[in-house]
Each structure stands twice: as C-alpha cells, then as structure tokens.
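Presented below is the structure to which this report refers.
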Amino acid sequence: MVRGTNKHLLLVFVIFVFAFLYRVLFMVHGTFSPGADIGLHNSVVHSIISQGSKVDFLYNFYQMGGGLSLTFPGYHLFVAQIMILTGMSEYLVHTIVGSLFSSVMVFVFYLLTRTIWKESIAIVVAFFVAVSRFDIEMLFWSGYPNIVALLLIPVTFYLYLQKKRFTIFPFYISTSLLVGSIFLTHSLSSLVFVSILFSVIFFGLIFGQKIGTTRSEMLCWLLPVLFGALLVSPYLIQVIPKYLTNTLSAEIIQATASTLIIPLEIILPIFAVVGFYFIFSKKYHKHYFTIPTILLVLWMVIPTMFTQVYIFGLYTDFYRFLFFITLPLIILISLFIDFGSTLLARIIDTYRTLIIQLNNNVKNTDQITYNRLTTKFLNKLNKNWSQPNLYTIFLIFFLLFCFFSTPLFLAPREGFVYHTFYQTMNEPLYQSIEWAKIYTPSEAIFVTEAHYGWWFSGFAQRPTWSAEEPQFLFLPREVPIAQVASNLLDTNYLFESSFILDNEIHNIQIREDGGYMARHNPQIFTCLNTTYFPYAFFNFNSYQTKILYEINGVPLSITLDKLPVIDMHMENDTQHTTVSIVREHEYFTCTQLTTAQAGSKFVNITTTLKTTQDNISLSELQTTLEVNASPIGTQKPNTLGFLAKNINAFGQITFNNKNLPTINSTQYNSIYTEVYLNYNLDGKKQTETQISLTTYSTTNNPTLYNNNDKNILNNFFNNQINLNLKPENRDNLPIPTPFNYQTELKINNITYVAVTRSYEAYSNAAMRLKFANDPLFNLVFINSEVAIFEVKK
C-alpha cells in the first residue's frame, strides 16, 4: 500500500512539474509576460516598497493617476520580498510566482479529491488541473492574486475535511492563517469563500447527523474564519468602510450591464449537471448527502448564483465567478471519466469471460480443436488485457479526448493563440517605458491607452491616466480619469445635447476631432437607453469635403483638410455649446460652427466661405456624409430620413431652404449609406450653408419592422419628421459637461501623451498625427510602436 501510494505521489509530482513547465513555456514565449494587470500589480508593489515602514495599503501612487486603491495586498507583499531578495527582473518574478502558485493546485486538488473520492479520480483531476484553460488563461491576463486565492481556498477546505487528523491547536493555527491570507489577498475570492463555507455550516447545523456531522463540528468550522479575520483586522478595518462608501458609479453599472452579463444558456447547464454529485456520492459513499458532497455542490452553485446578482442591482465582472466553478467542475468530469472507464472495462471483461466459458462448454468434436485454439488465444489475451489494463486504456483515451477537444482545457496550439490575444508588451513598448522612467520627472502625469497604460504605471512608476472602459473599473474616482484619457486620445471636443420627445429625455452626442485630423468633423452619435456605448449615426470627414473655386476664371479645388487651421475653440454655457474651427487659405477662409442647443433635437452645422481677393469666386461645395443606417422614405423635399434597424434608431437631416444642395446617395448595405451633397455657390464671394441633424432611439415594436409592407414603415417614420429647429423645452434637462481638450490638459496638469500603434489600429486612424500637427504638443520620443508627446506649457 505504501509502495503504491509513493508511486501515485511520484506521478502527481511529475504532473506538477509538467504543469509548471507548461505554464512557464507559455508565459515566456513572448519575452514579456502577457496581460495588462501585471502593471497594476507592479504599481501596488512599488507603492508598498516606496513607503518604507509606514505603509498605507489603500494608496497607489501610479495607477489611474494615483489615489485610493482597494487592491488587496497579500500577493504583492510576497512578491515585493522576492524582488528585494533576488533582484530579478520584475515581470519575471510575477511570471514565476504566478506559474508556481497555479501549478501547486495540482497537488492541492489531488489531495482534496483523494480525500473525498479515490486515488484514480484524484490523479485524473491532477492532470486536468495541470491543463485547465481557465487557470492558464488567468495567468495570461495577470490575475495573480486570483490564482493565489484559488489555491488557498481548496487548501483550507482540505484541512477542514481532514480535521480529525489534527490536534486542536495545529488545526486552528493553520486554518486561521490560511483564512487570513485569503482575506488579505483577494476581495472577490474572500466573498465566495465565506459564502460557500457559511452555506455548508448552515446545512450542517440544520441537518446534522443526516449528512454525517454534528452541530459542534460545524461550529468548529466557523472559528478559523473569526480568527483569520482577527489576524488581518487592521487592514480589514481600513478597507471595509472604503468598500462600502465607494459604490459603483452609474457609468460602471451601465457599461457592465451592457457587456458583462452572462447569458442564461451558459448558467443553466451548470445547475443541470451539479445534481450528479449526489448520484456519485451514493455510488462511492453509500449516501446521497455528505459534507464533502454538499461542499462541492455549493462550490459550484454559489458562484453560479453570484453571476445573476445584477437582478438585485449589484454589479461586478460576472465572468470572474466562472473561475471558481471550473475546479469543482473538473472533479465532476473526472468522476464521469472514472465511472465510464470502469463500466466499459467491466463490460468487455465480462463479455470475454463469457466467451471463454462458452468455448469450454462446447461438446461438438468438430469444434474442439478450433475452440481450444480460441480459448488459448483468449487466455493469453486475458493476461495482457485484464480489467485494470482496460480501465487504464479507456482512462487515457478520455483524458486525451477531453484535453484536445473540450474548451475547459488548453492544448498547446490553443495556448499560443490565447497568449497572443493577451500579449500587451513588446520590446519597443518596454523601451519607451524605460525612457520615461529615466528621462521624465517622477511627478509627470501620462495619458495613454488602457493596456499599455497599466504596464506604464507599474513599470515606469509614473502617475498614468489609462483610457480604460468603465466596465473594467471599480472605483468611482477612476471613471472621470479614464473618460478624460479616452476622449483625449480619441477626439478634441465632445459634448451632448438633451431634448424631450414623447415624455422621454433623449441625448445626442457630438464629437469633433478638430482641424488637425481629417476625421470626425464632426461625428454625431445616438445615445441609447439599452447600452452605455453610443452609436455612430452620422459622420463627416474633412478630406471628403471639397471646395471648388476660380481664380480669374481658372477652375481650382482643394479639400477641407488641406486648409491650415488658424483658430479652434469651444464656447459653451447653460443653453448651448459651439465648436468653432477657422481655416484660412491664401484665397479664402472657411469657418465651421457645430452647435447644439439645450432642448433642441437638432445639431446645426454651419459652414461659411469668404474670399480674400477680388479675383476669386466660389463655384461649388461638395461633401460626403457617412450614415450608418438605411434611407427611410420622406415626403418633404428639404429633409432626409434614415433608420438603423440594428439598434432601432432614427436619424434625420434637414437643409436650409435658402440654399438647398443637389442630393445623391449610395446604399452599400442595410446599415451603411453615403449621401453626397453638392452646393452650387454661383461664383459668389461669400456664402453660407447650414444643415441640421438629429438621431434618437425610436420604437422597439417588432411588428412594425417585420411588416412586409414598406409603406407602413415609411408612413410611421414620416410622422417622426420634425422641421422645428428651435429649442422646444429646456425645463429639467440635464446639462452634461462638455469635453474640451485644451481645458482638460490645463486643469489636470497633464504632462505627456503616449500613442501606441496598437491603439491606432484599434481606432483605425493615425492618431499620432492628431498630436504631431497640433502646436500644443511636442514630440519627445518615437520608435516603431509608440510616440510620446510633451504638452507645452
């Protein structure tokens, strides 16, 4: 027995070594560790180290500009010591520590499964944990504290189930230290752990002897939680009030609801399969309900239920709860594999035995020689293909099948695909981080994109404003910082206008990239009630606007983006917001005003052209309007209607009757149309054109959209047409704060802006030109991946 146990332990050790090397192979594949969260963790580590003996664990000097931090510091305290003692490169320390903790789960789940079920199932679990996709993926996005907590939770449960093997003091000391470590390492894991444990204790207190325990035993499970909380109480006393007072902002809630809700088709199957635990419990333990079985069931059910707490108005990254479900699900799969392998081996062995018996009982002399040969062959086969050997063959088959064909496990090919997906850093990007660390002041504030920004804050140790989406934020203080960073990288001016329609408040969002970039000049968005993210409905590009003119009768032309900008600013008060862009050519000036008034559903775009010499005359103004919708019929000559069926939004363009353009359009598909406007300027010296645009959510009535009679749809939206360009109702309307990049740079004391090629690819624009052409910025660093601009004071 001891020899067999030693062989099993040796096998598990081999699996552990394989798991560690398997993880490290992926992690060092691209030189730098994948994921962006590593930057957050490194910023926490350096915030701890830089404070010396008096550490404020609730303050991060670098992440999101520096300020309150609710990242639990257990993992970071450990890593800080490793960095100080070894002097290894920081990202390599994170890689090795994270991979090691992830690999140790092989041992932990082997021991836990062996305690509850049996040795063969435990070995299967050990292998599956070694190749678990969710655990390796967690390494890829740098969820190192999550990994540590996911290791500590099963270790604690294992000690609970092995309580009888300990004397009282070693048990309480070890479990209390483990529980305290969980509380100090990861907040979400602490919540899940306590919820599972308290639920088990609850069932134990109610059903007691029916599930093989006593009330006093269950109360003993409660004491390590109290002792563990007491051990880390100085930190918990500080952090819990901050958690309670820093509730999620409306932006985070709306963005989370738009992107991170888990569909029921993922959740319901988990509830469907969890009942098999009770069936296996009956098979292996002769009872449907035991403490270990209830523990595993609750380990799956409670995180699954947490994915649906948005029903009660509570929001977080719900997909993270799936990581808690994975490990008990692996145990359940291993039970099925063990049961199936045993059953198939037994069936084949029984069938073979019956054939041998039938051959031995045959009395026909003509068949005796043949049957003897058959029996001899089967007997020989019986020695090599015994039931244990058959069990092993089926077991290996199921292991390999699951490894290569199910999404729970990560084969090498898929592993490198995931690694590439999560990879954020490369040599040129890291070179820019090192440059900033050496050549910029320690208090300099940087603005950059999300993933690179997290690395930047942690490894350059500079306060960094990262353009992160709200659903990935937690603290309310981070939301305006991320919004300013996103706006600054994306556009120059952003403002909204509110109006009332059908007793509902609607918002239009306008973005103007300004005169230094030939894109979004302007762009008009539909603000939707169903999602945080607005929909780009109308878009003008200055390179698609052409001015045709004559000099002494000679025809010439120039596109708007080629005209030098001489003035660009925003004016706003409680009633209106206007962006003014003045461009000047040696022969004429072009002034474009984009105005939104509170209470008006229309955005007005006025373009004024004025010649500067007597021999200059204006011929035509041609512009292209991009519409992410399809035309919808209208009976009025000076207006166009559009419908975006994919979001149930309506759009309208209205032209000034004094100067109507020639209108042509091309519909490329059901969600994209180009409208071509051609104004005849009749050789004038000065001219003005004006168009008004609106867009808003409209009816969700599926009967209307699915009706085959297009006239019904056209008639409905003809009734939506409104030609009243004046504000209708300004009472009780919100007044959103506009974004003016010149103002934000000044009031936030932003020092540098870093633009990466990956962000340019994401935004589909050469964003660095936006800063290179703007006299407010000075290029101070550039390589193949990133350009850093200093803000001129």
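Observations, loosely collected:
- Accessible area, probe 1.4 Å, largest first, for residues 673, 634: 634, 673
- Think of the chain as a dipole: +1 on every Lys or Arg Cβ, -1 on every Asp or Glu Cβ, centred on the Cα centre; then among 275, 30, 753, 275 lies furthest on the positive end.
- Acute angle (nearest 10 degrees) that the helix 412-422 long axis makes with the longest principal axis of the chain, alpha-carbon atoms: 40 degrees
- Taking a straight Cα-Cα cut-off under 16 Å and skipping sequence neighbours fewer than 8 places away in the same chain, the aspartates and glutamates within cross-link reach of residue 118 are 338.
- Binning all Cα-Cα separations of the chain at 10 Å, short to long from zero, yields these whole-percent fractions: 2, 11, 18, 19, 16, 13, 10, 6, 3, 2, 1, 0, 0.
- Dipole in debye (nearest 20) - the stretch 32-177, about Cα centre, beta carbon charges: Lys, Arg +1; Asp, Glu -1: 620 debye
- Each Cα pair under 8 Å and six or more residues apart adds its sequence gap; the mean of these over the residue count of the stretch 545-657 is a relative contact order of 20 percent.
- Using only alpha-carbon positions in the stretch 218-313, the gyration tensor eigenvalues give semi-axes of 32, 26, 7 Å once each is multiplied by 5 and square-rooted (largest first).
- Whole-Å semi-axes of the stretch 138-205's equivalent ellipsoid (Cα gyration tensor): 23, 15, 10
- In the distance distribution for the stretch 54-150, Cα-Cα pairs more than 18 Å apart total 58 percent.
- Only the Cβ atoms of Lys and Arg (+1) and of Asp and Glu (-1) were treated as charged; on that basis the dipole of the stretch 181-293 about its Cα centre amounts to roughly 500 debye.
- Ranked by the mean number of other Cβ atoms within 10 Å of their residues, highest first, the peptides 108-114, 741-747 fall in the order 108-114, 741-747.
- If you plug the beta carbon distance of residue 500 and residue 670 into 1/(1 + (r/R0)^6) with R0 = 22 Å, you get a FRET efficiency near 0.15.
- Global geometry of the stretch 64-217, whether rounded, prolate or oblate, following the gyration tensor of its Cα atoms and the 1.5 cut on a/c: prolate
- Rounded to 0.05, the FRET efficiency of the residue 792 and residue 571 pair, given R0 = 22 Å and the Cβ-Cβ distance, is 0.45.
- Here's the picture: charge each Lys and Arg Cβ at +1 and each Asp and Glu Cβ at -1 in the chain, and of 189, 572, 430 the one pushed furthest to the positive end of that dipole is 189.
- Eligible aspartates and glutamates near residue 658 by straight Cα distance, threshold 14 Å, same-chain separation 8 or greater: 682, 688
- Whether the stretch 415-523 is rounded, prolate or oblate, judged on the alpha carbon gyration tensor where a/c under 1.5 counts as rounded: prolate
- Descending principal axes extents, the stretch 3-119, alpha-carbon based, whole Å: 56, 32, 25
- Extended-chain gain in nm, criterion 0.36 nm per residue less alpha-carbon gap, residue 6 and residue 769: 268.1 nm
- 0 to 90° range, to nearest 10: angle between helix 264-273 axis and the chain longest Cα axis: 10 degrees
- Antiparallel %, DSSP beta bridges [both residues in the chain], to 5: 95 percent
- What you get for the chain, charging only the Cβ of Lys and Arg (+1) and of Asp and Glu (-1), is a dipole of about 4060 debye around the Cα centre.
- Solvent-accessible area, 1.4 Å probe, carbon plus sulfur percent, for the chain: 60 percent
- Using a probe of 1.4 Å, the accessible surface attributed to residue 226 totals some 100 Å² when neighbouring protein chains are kept in position.
- For the stretch 509-611, the pair-distance distribution built from all alpha carbon pairs, in bins 5 Å wide starting at 0, is 2, 11, 21, 21, 17, 12, 8, 4, 2, 1, 0, 0 percent.
- Cross-link pairs beyond the 19 Å C-alpha cut-off, checked among 546/685; 562/684; 7/286; 601/770; 562/792; 164/286: 562/684; 7/286; 601/770; 562/792; 164/286
- Simple spin-label estimate for residue 413 and residue 742 gives 5.7 nm between the two label positions (7 Å along the Cα-to-Cβ direction from each Cα).
- Reported to the nearest whole Å, the Cα centre-to-centre distance from the stretch 13-41 to the stretch 549-583 is 54.
- Exposure ranking of 94, 8, 46 by accessible area [1.4 Å probe, largest first]: 8, 46, 94
- Listed residue (92, 301, 341) projecting farthest to the positive dipole end of the chain, Cβ model: 341
- Short-range pairs are left out: with C-alpha atoms under 8 Å and at least six residues apart, the relative contact order of the stretch 1-149 is 33 percent.
- Normalised contact order of the chain, rounded percent, pairs of Cα under 8 Å and 6 or more residues apart: 11 percent
- Packing, taken as the mean count of other beta carbons within 10 Å per residue, orders the peptides 561-568, 656-663, 330-337 from highest to lowest as 330-337, 561-568, 656-663.
- Rounded to the nearest 10 degrees, the inclination of helix 168-185 to the longest alpha-carbon principal axis of the chain is 20 degrees.
- Approximate shape of the stretch 624-677 as ellipsoid semi-axes (Cα gyration tensor, √5λ), whole Å, largest first: 20, 13, 8
- Additional length obtainable on full extension of the chain from residue 530 to residue 86, 0.36 nm per residue less Cα span: 154.7 nm
The values are calculated or read from the model by the stated rules, or taken from the named source; none is laboratory data. Just so it is clear, the model here is predicted, and its values are computed rather than measured. Virtual Cβ from ideal backbone geometry, glycine too; neighbours counted across all protein chains shown. Note: accessible area is taken over every heavy atom of the protein model, side chains too, but ligands, DNA and RNA are not part of it. Shrake-Rupley method; radii C 1.70, N 1.55, O 1.52, S 1.80 Å.
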